[in-house]
Amino acid sequence: MAAIPDSPVETNTAVCGFESTFVDELGVLTVAWQGAEVPDPTLLVLNEQLATSLGSDAATLRSDDGVAVLSGAAAPAESQPVAMAYAGHQFGGYAPLLGDGRALLLGELVDTDGRRVDLHLKGSGPTPFSRGGDGFAVVGPMLREYLVSEAMSALGIPTTRALSVVATGRAVHRNGVEPGAVLARVAASHLRVGTFELAVRQGEILSTLADYAIARHYPELTELPAEGEGNRYLAFLEAVVEVQASLVARWMLTGFVHGVMNTDNTTISGETIDYGPCAFLDAYDPAAVFSSIDQSGRYAFGNQPTVLKWNLARFAEALLPLLDSDPNAAIPAATAILGTFDEHYENHYSHGMAAKLGLNGDDVDRALVDELLTLMAEHAADWTATFRALADELRGHATPLDHLVPREDIGPWLTRWRGAVEGREHDTADAMDRVNPLYIPRNHRVDEALRAATDGDLAPFQKLLEVVTHPFERRDEWAEYTTPAPREFNDTFRTFCGT
Ligand code: AMP
Ligand code: MG
């Protein structure tokens, strides 16, 4: 592997308190590295609340020293920045060495709730893992990750968080020249299925990695034995299967399409990570794909639970040597745990759908849910608007639903559903509004905001950020953010990965 660049990077104390448990225990999975020079840094957006939760403050982070750390131009004093190595299955094909090709782990901080988190930069320059890439990122996609991850957090979906985006003043070549940018993000960790896929090839390190992940994310399992029936690695696999089943159910309930569910983008913590070509559904369509690189529809909206289970099978394979010393016993043990994915997923999804429809979660009429989905697909009904329109229907306002699905088609379904909530219509409508968002980052709005930001006007981005981070709070002046894109927009809309 290449050595760290010769020129010493500046250090400063804008962010303090870094720890480096990952590097201390698993340094072999990292390369000490530093960010590229930043010609002309400008802080575009800063998450002040998140900064405070990290024991920092907005004024310090807005200072020259703060921006130098957030852009990768300076390293925080006493930190040990590294590029992390990992492998992964990308679109089903195995890549033996990926790693942070344009990112740096600055280190770990313990937040004000006592939670250990990673502070990580994306777009900070080439590393030994850059392969053919330039190591940089550009303003549009970094602001997209900022906006969508903060929207996901406001929706209550486990996710990495965005701390800042700094424009670097570097001209980056994509389809033409684009302004360079660095995103600073905070994550429960950057351990992924791909980290285990790399570690399994390095023998000894696998159990160290698994024990590290258990201690960091599933500390309740640390006391379990290392071997034999009920060992902690079996319990670890079970725990990751459960959190990921829950996560993908949340995506499916919210109409979120991740777009690039490679195993290197599947976390051990259960957080959503890497907002590349992601998008939210407008019209409900299980086959919806927005990513320009997903030609086969592998990561289509409706495929996400299946793909996630496939990724977990890769995780289970990597853990096999730990699950049982007898390979003939390890495989059935792993298979049995993977087999629980469907039940966990179904349980989370049904409960979530019940809440969206104001039904009792313990006794969900699955046929009722499925028939609604069929009607929505037939009429290309807007995912987000339909659930709000159903609540309005219970309050006696028929117009919103009439705009989505013809009454003659949805009539029999409505009669059955209304029967299930009879006598508690108003309470049900209010409960539905508490779980069904009004505002999501609609693709045309995101596109418009990122284009303006790339041209130097941040106002549409700031406004959209304000709206989507208050997804349930109806405000009259935000009415335009509830409307879907014009059909012509969606027919041609594509998002681009890694740009
Ligand atoms: P992602 O799709 O962002 O999760 O990235 C997949 C892999 O490609 C990771 O190993 C990234 O570090 C790498 N990568 C993406 N974009 C670039 C780039 N511009 N330069 C170098 N590596 C990159
Ligand atoms: Mg990634």
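Distance between the pseudo-spin-label points of K463 and I331 (7 Å out from Cα toward the beta carbon): 6.0 nm. How many angstrom separate the Cα center of segment 63-82 from the Cα center of segment 426-499? About 32 Å separates the Cα centre of segment 63-82 from the one of segment 426-499. Computed over protein heavy atoms with a 1.4 angstrom probe, the accessible surface ordering of T60, T11, largest first, is T11, T60.
Estimated at 0.36 nm per residue, the fully extended path between E480 and R115 surpasses their Cα-Cα distance by 127.6 nm. Could you point to the residue in G132, Q244, I268 farthest towards the positive end of the chain's charge dipole, with +1 and -1 charges on the Cβ of Lys/Arg and Asp/Glu respectively? Of the listed residues, the answer is G132. Counting only the Cα atoms, the chain fills a convex hull of 152 Å³ per residue.
Calculated [222 nm] ellipticity per residue, helices only, for the chain: -13000 deg cm²/dmol; basis is -39500 (n - 2.57) per DSSP H run with n ≥ 4, divided by all residues, nearest 500.
Restricting attention to segment 366-424, which GluC sites (Glu not before Pro) occupy a DSSP loop and are surrounded by at most 13 other Cβ atoms within 10 Å? Display every interim value, and only then the final one.
On the way: sites: E371, E378, E393, E408, E422; in loops: E422.
Here the sparse-neighbourhood loop sites are E422.
Enter the accessible area of E220 (Å², nearest 10), with the probe set to 1.4 Å and all protein chains included. That residue has around 130 Å² of solvent-accessible surface. Between H470 and E48, residue separation times 0.36 nm minus the direct Cα-Cα distance comes to 150.3 nm. With the simple model of a label 7 Å out from the Cα in the direction of the Cβ, R416 to A367 spans 0.6 nm.
Considering only protein heavy atoms and a 1.4 Å probe, what is the carbon-and-sulfur percentage of the accessible area of the chain?
The value for the chain is 50 percent carbon and sulfur by accessible area.
Take the Cα radius of gyration of segment 11-187 and divide it by 2.2 N^0.38 Å, N being the number of residues; the result is 0.98.
One equal scatterer on each Cα of segment 308-405, no solvent, Debye formula: the resulting log10 I(q)/I(0) at q = 0.12, 0.14, 0.20, 0.21 Å⁻¹ is -0.58, -0.68, -0.97, -1.02.
Write down Rg/Rh for segment 359-427, rounded to two decimals, with Rg from the C-alpha atoms and Rh from the Kirkwood relation over Cα pairs. For segment 359-427, the value is 0.93.
As an exercise, find the ratio Rg/Rh for segment 188-232 from alpha-carbon atoms, using the Kirkwood inverse-distance average for Rh.
0.98
The trypsin sites (Lys or Arg not before Pro) found in segment 10-117 that occupy coil by DSSP, while having at most 12 further C-beta atoms within 10 Å, are R115. Taking one quarter of the surface of the convex hull spanned by the alpha-carbon atoms of segment 134-175 gives a direction-averaged projected area of 3.6 nm². Taking the square roots of five times each eigenvalue of the Cα gyration tensor of segment 17-107, the equivalent ellipsoid has semi-axes of 27, 16, 13 Å, listed largest first. Between the C-alpha center of segment 83-153 and that of segment 348-366 there is a gap of 35 Å.
Would you list the membrane-span-like helices of the chain, meaning whole DSSP H runs whose alpha-carbon atoms span at least 30 Å along their axis and whose mean Kyte-Doolittle value is at least -0.5?
Details: long enough: 232-254 (33 Å, 0.90).
Qualifying helices, which must be both long enough and hydrophobic enough, are 232-254.
Applying both filters, DSSP loop and at most 10 other Cβ atoms within 10 Å, to the GluC sites (Glu not before Pro) of segment 227-304 gives E229.
Once the chain from E346 to D24 is taken as fully extended at 0.36 nm per residue, the excess over their C-alpha distance is 112.0 nm.
The values are calculated or read from the model by the stated rules, or taken from the named source; none is laboratory data. Computed from a predicted structure; not experimentally measured. Cβ atoms come from the backbone with ideal geometry, glycine included; neighbour counts cover every protein chain shown. Note: areas computed on protein heavy atoms with side chains; ligands, DNA, RNA excluded. Shrake-Rupley method; radii C 1.70, N 1.55, O 1.52, S 1.80 Å.
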